[in-house]
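Since the structure comes first, as structure tokens, the remarks are kept for the end.
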Amino acid sequence: MSCLICERIQWIEKEKNPYFVAELDTGYVVIGDHQYFKGYSLFLCKEHKSELHMLHPTFKRTFLMEMSLVAEAVQKAFGAEKMNYELLGNGDSHMHWHLFPRKENDAPIKGPVWWVDREDMFAEEVKPAEDELEKLRDRLRAEIERLITAR
């Protein structure tokens, strides 16, 4: 059975994923394919598991700590006023965190990101061009490295 997250990780391992930002002990940081919310990023679990409780306790603690570090980096790198976190994996049964940097009035309706019309959220116009993607990756990578060094 095909898994989109495993496929994306394989692209990273082959150095063919243009959205790749950083590798941590338990996962990979990537910029989201669509940037309706500027700085939207994901943290892909290295283990193909569908639930947190399926992870070994030591791995799970590290995974959660690293996700928190990535979220802090996203917030700082992109000037978020609030972060929205969502752990998903029901489509691929492979856990991955969605990290949305939010700002006041960043959507037509105040509420969860998923209230934004799908056609708007995943429109071609919000896919970053190559130069913009490079800037997003660089900003986030620099912030992750700064936070790791500071700890």
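In the range 1-37, what count of residues is obtained for those that are polar (S, T, N, Q) and under 12 Å from the mean Cα position of the chain (by Cα)?
Qualifying residue count for the region: 1.
Yes/no matrix, rows are residues, columns are (1) touching a residue at least 12 places away in the same chain (Cβ under 8 Å); (2) surrounded by 15 or more Cβ atoms within 10 Å (Cβ to Cβ); (3) not basic (Lys, Arg); (4) not in a loop (DSSP other than H, G, I, E, B):
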{"position": "Thr62", "(1), (2), (3), (4)": "yes, yes, yes, yes"}
{"position": "Glu66", "(1), (2), (3), (4)": "yes, yes, yes, yes"}
{"position": "Leu69", "(1), (2), (3), (4)": "yes, yes, yes, yes"}
{"position": "Val74", "(1), (2), (3), (4)": "yes, yes, yes, yes"}
{"position": "Ala77", "(1), (2), (3), (4)": "yes, yes, yes, yes"}
{"position": "Asn84", "(1), (2), (3), (4)": "yes, yes, yes, yes"}
{"position": "His94", "(1), (2), (3), (4)": "yes, yes, yes, no"}
{"position": "Leu99", "(1), (2), (3), (4)": "yes, yes, yes, yes"}
{"position": "Lys135", "(1), (2), (3), (4)": "no, no, no, yes"}
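Which residue pairs have Cβ atoms closer than 6 Å, lie 6 or more positions apart in sequence or on different chains, and pair a first residue in the range 13-37 that is in contact (Cβ under 8 Å) with a residue 24 or more places away in the chain and within 20 Å of Phe78 (Cβ to Cβ) with a second residue that is of a type in the set (Phe, Trp, Tyr) and not in a loop (DSSP other than H, G, I, E, B)?
What qualifies is Gly27/Phe43; Val29/Phe43; Phe37/Phe100.
Output the residues belonging to the range 101-126 that are touching a residue at least 40 places away in the same chain (Cβ under 8 Å) and touching a strand residue (DSSP E or B) at 6+ places or on another chain (Cβ under 8 Å).
Of everything in the range 101-126, those that are touching a residue at least 40 places away in the same chain (Cβ under 8 Å) and touching a strand residue (DSSP E or B) at 6+ places or on another chain (Cβ under 8 Å) turn out to be Pro101, Arg102, Val113.
From the list Arg146, Arg139, which one is surrounded by 14 or more Cβ atoms within 10 Å (Cβ to Cβ) and part of a helix (DSSP H, G or I)?
Testing whether each residue is surrounded by 14 or more Cβ atoms within 10 Å (Cβ to Cβ) and part of a helix (DSSP H, G or I) leaves just Arg139.
Step by step: first the residues of the range 15-67, then only those that are closer than 15 Å to Met95 by Cα and basic (Lys, Arg), then the one that is modelled with the lowest pLDDT. Which residue is that?
Lys49
In this structure, is Gly111 at pLDDT 95 or above and at positive phi?
No: the conditions fail for Gly111.
Find the residue count for the range 123-141, including only residues that are under 17 Å from Lys76 (Cα atoms) and within 15 Å of the chain's Cα centre (by Cα).
The number of residues fulfilling the criteria is 6.
The values are calculated or read from the model by the stated rules, or taken from the named source; none is laboratory data. For clarity, every value in this text was computed on a predicted model and none was experimentally measured. Here Cβ is always computed from backbone atoms with ideal geometry, including for glycine, and neighbour counts include all displayed protein chains.
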